[in-house]
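What follows is a single structure, written as structure tokens, with notes after it.
The values are calculated or read from the model by the stated rules, or taken from the named source; none is laboratory data. Since the structure is predicted, the reported quantities are computational estimates derived from the model, not experimental observations. Virtual Cβ from ideal backbone geometry, glycine too; neighbours counted across all protein chains shown. Surface areas here come from the heavy atoms of the whole protein model, side chains and all, with no ligands, DNA or RNA. Shrake-Rupley method; radii C 1.70, N 1.55, O 1.52, S 1.80 Å.
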Amino acid sequence: MAKPSLIDQLDQAIQAMLAGATAPRPAVDPRLESLVGVAAELRDLPRESFRARLKSDLERKASMAAAAVNPIPQGFHSLTPYLIVEGADRFLEFMKQAFGAEQRLRVPKPDGKIMHAEVRIGDSPVELADANEQYPPRPTAIHLYVSDADAVYQRAIQAGATSTHEPVDQPYGDREAGVKDPFGNYWYIATHKLAGEGKFIPEGLRTVNIYLHPTGTGEMIEFLKRAFNAEEAARHESPEGTIAHAKIQIGDSILEMGEAHGPYEPMPTGIHLYVADADAVYAQAIQAGATSISEPADQPYGDRFAHVKDPSGNSWFIATHIKDVQF
Amino acid sequence: MAHGRPLLEADDNPTDERLLIEAAQRDPRRFAELYELNFERVYAFIARRVRNREEAEDLTSEVFHQALANIQRFQWRGAPFAAWLYRMAANAIVDRWQSVSKEDVDPRRDATDQASLDEIEQHAMLYQLVDSLPPDQRRVIIRRFVEQKSTREVAEELGRSEGAVKQLQLRALENLRERMGGAHG
């Protein structure tokens, strides 16, 4: 049989080499040995796609570090309620009249509806938007701490809310009332009487606190621990063994919840969650059982943003503030 | 495309490398330049000590993320930046082995052994040189060595004859040998 050409010998040697260390190496012409040597070193040639991907990952991390902006934008906390209603315009007016909300930002759509707005009530931001096909209205329960629950309850009623219960002193130190606003949201209006001189909010809570009524509060808490490194700050069980009230610490904020019962039905809502690394938290949430609605992506308003749904149907808008943008 | 990126020149001029490090310490966005200069080195160091490409990529990624996160802590003492990266790479490999299986050679010794470092330097330079090959030669090398395709598969993909692909493979290796400055003989 004729001896293969040099070109074929080289190719056979490379093929044997790529097949692995155990494959027999065909003998090659001495003139080819140095080329086979070069080929052997090329076995570990890196993938260009990997090189490029790692570079862009590092650049993203570096620009987050360089921006040196707080990953939670000024005025925000780890958790902010995102309320989606029919008639956001009127809802905004309601919050101004009833709770003294101050408008901070209002981004209208061409048809006049509100694409996004932010208000501040006491020490807390609240975000809101008009409902649309993608985001139908999602009534939410808010635990609102104010200096005079009776007065705020009256103002809410005058602004159009319906009473769910009149102000009453609770054994845990709260003077507390409840209203349902014309947009379907529940407001638990409270003044904490044991907070000390000049204070009316219990330790760890704020003016505005999101209050969930899930079915299966225990599972919900376990999910939050896995997804967002939540910690259980308090848990009170009912005589039936369900969780009547729990305080779940996520970042610098507390999420309150109590098992759904009677009129307190599950009301899956929208929660804006600011974290240091939206990509990592997104991945962790998915791992914990959340459903991805949108993957992390940079937004023109300066946040990196992802959207997941938890097993109870709440929308979590996971965000990291990466740069300050002037509107 | 990575054509035209600098070819491992920082070592030749330690002052330049020092300036790059200081720039990255002031502004982490400048880290990209250190990455460009050292990617092939770190990859070469790791790739020959682990079992497969996925593991090599995983560890390379870990080393650079760690380097970026700790760039402020890097203190210039005259040793090249790559030495710091090799130390992190060696530790990352050892950590991985401890969690998977035992190997007999400690890569932490290689991280300071001059003969090993020279060899890594040579591999890294070779990887960078692949980018400077004429495009059709480069395509063949990538498909053959990175994607591990047979000459026949490469020929089909590129719409060339097998003979032409083998010819390009030969020319590419000759080119690389020549550009490596006859280091292979």
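Which of the pairs A:Lys113/A:Lys225; A:Lys113/A:Lys309; A:Lys55/A:Lys323 have their Cα atoms more than 31 Å apart in this structure? Provide the component values of the computation, followed by the final result.
On the way: A:Lys113/A:Lys225 37 Å; A:Lys113/A:Lys309 25 Å; A:Lys55/A:Lys323 20 Å.
Pairs exceeding 31 Å: A:Lys113/A:Lys225.
If you count only protein heavy atoms with a 1.4 Å probe, what accessible area per residue comes out for the range A:79-275, rounded to a whole Å²?
Here the per-residue accessible area is 45 Å².
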Check: What value, in deg cm²/dmol to 500, does the helix sum -39500 (n - 2.57) over DSSP H runs of n ≥ 4 give at 222 nm once divided by the residues of chain A?
Finding: -8500 deg cm²/dmol
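Determine the share of chain A's accessible area contributed by carbon and sulfur atoms, expressed in whole percent, with a 1.4 angstrom probe.
Ligands and nucleic acids excluded, carbon and sulfur give 51 percent.
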Next item on the list: Could you check what % of the DSSP bridge pairs in the range A:54-172 are antiparallel, to the nearest 5?
Entry: 75
Notebook entry, point to check: For A:Ser253, which sequence-distant residues (separation of 5 or more, or a different chain) have an amide H within less than 5 Å of its own amide H, given hydrogens modelled in the peptide plane?
Noted result: A:Ser78, A:Leu79
Notebook entry, point to check: Which of the aspartates and glutamates could a cross-linker span from A:Lys109 if the Cα-Cα distance has to be under 17 Å and same-chain partners fewer than 8 positions apart are dropped?
Noted result: A:Glu86, A:Asp89, A:Glu118, A:Glu127, A:Asp130, A:Glu133
Item checked: Accessible solvent surface per residue of chain B, calculated while the other protein chains remain in place, 1.4 angstrom probe, Å² -> 49
Check: How would A:Ile248, A:Ile157 rank on accessible area, largest to smallest, probe 1.4 Å?
Finding: A:Ile157, A:Ile248
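Go through A:His321, A:His245 and list them by solvent-accessible area, largest first, probe radius 1.4 Å.
Values: A:His321 15, A:His245 45 Å².
So, going from the largest accessible area down, we get A:His245, A:His321.
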Checklist line | Segment A:Ser56-A:Glu203, length gained on full extension (0.36 nm per residue, minus Cα span) | finding: 48.7 nm
Next item on the list: Could you sort the residues of the range B:106-127 by number and keep only those whose accessible area is reduced by 30 Å² or more in the all-protein-chain setting relative to the chain alone, 1.4 Å probe?
Entry: B:His123, B:Leu126, B:Tyr127
Item checked: With DNA, RNA and ligands ignored, accessible area of A:His236 (1.4 Å probe; Å², nearest 10) -> 100
Item checked: Minimum 30 Å² accessible area buried by the other protein chains, the range B:143-177 residues, probe 1.4 Å, relative to alone -> B:Arg144, B:Phe145, B:Val146, B:Gln148, B:Lys166, B:Gln169, B:Leu170, B:Leu173, B:Arg177
Check: Once Lys and Arg get +1 and Asp and Glu get -1 on their Cβ, which of A:Leu54, A:Ile14, A:Ile250 lies farthest toward the positive end of the dipole of chain A?
Finding: A:Ile14
Checklist line | Accessible-area ranking of A:Arg155, B:Arg53, largest first, probe 1.4 Å | finding: A:Arg155, B:Arg53
Margin query: Using only protein heavy atoms and a 1.4 Å probe, how much accessible area in total is buried between A and B, to the nearest 100 Å²?
Written below: 3900
Item checked: Listed residues B:Gly159, A:Leu224, A:Val119: farthest to the positive end of the dipole of the protein assembly as shown (Cβ charges) -> B:Gly159
Margin query: Return the Rg/Rh ratio of the protein assembly as shown with Cα-based radii and a Kirkwood Rh.
Written below: 1.14
Check: Using Cα atoms only, what is the angle between the long axis of helix A:278-287 and the major principal axis of chain A, expressed in degrees (0 to 90) to the nearest 10?
Finding: 90
Check: Per the Kirkwood formula on distinct C-alpha pairs, the Rh of the range A:79-275 is how many angstrom?
Finding: 17.2
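Go ahead and estimate [θ] at 222 nm for chain B from helices alone: -39,500 (n - 2.57) per DSSP H run with n ≥ 4, summed, over the residue count, rounded to 500.
Computed mean residue ellipticity for chain B: -20500 deg cm²/dmol.
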Next item on the list: Tally up the carbon and sulfur contribution to the accessible surface of chain B as a whole percent, 1.4 Å probe, everything protein left in place.
Entry: 45
Check: For B:Glu162, what accessible area in Å² do you get when you roll a 1.4 Å probe over the heavy atoms of the protein chains, rounding to the nearest 10?
Finding: 70
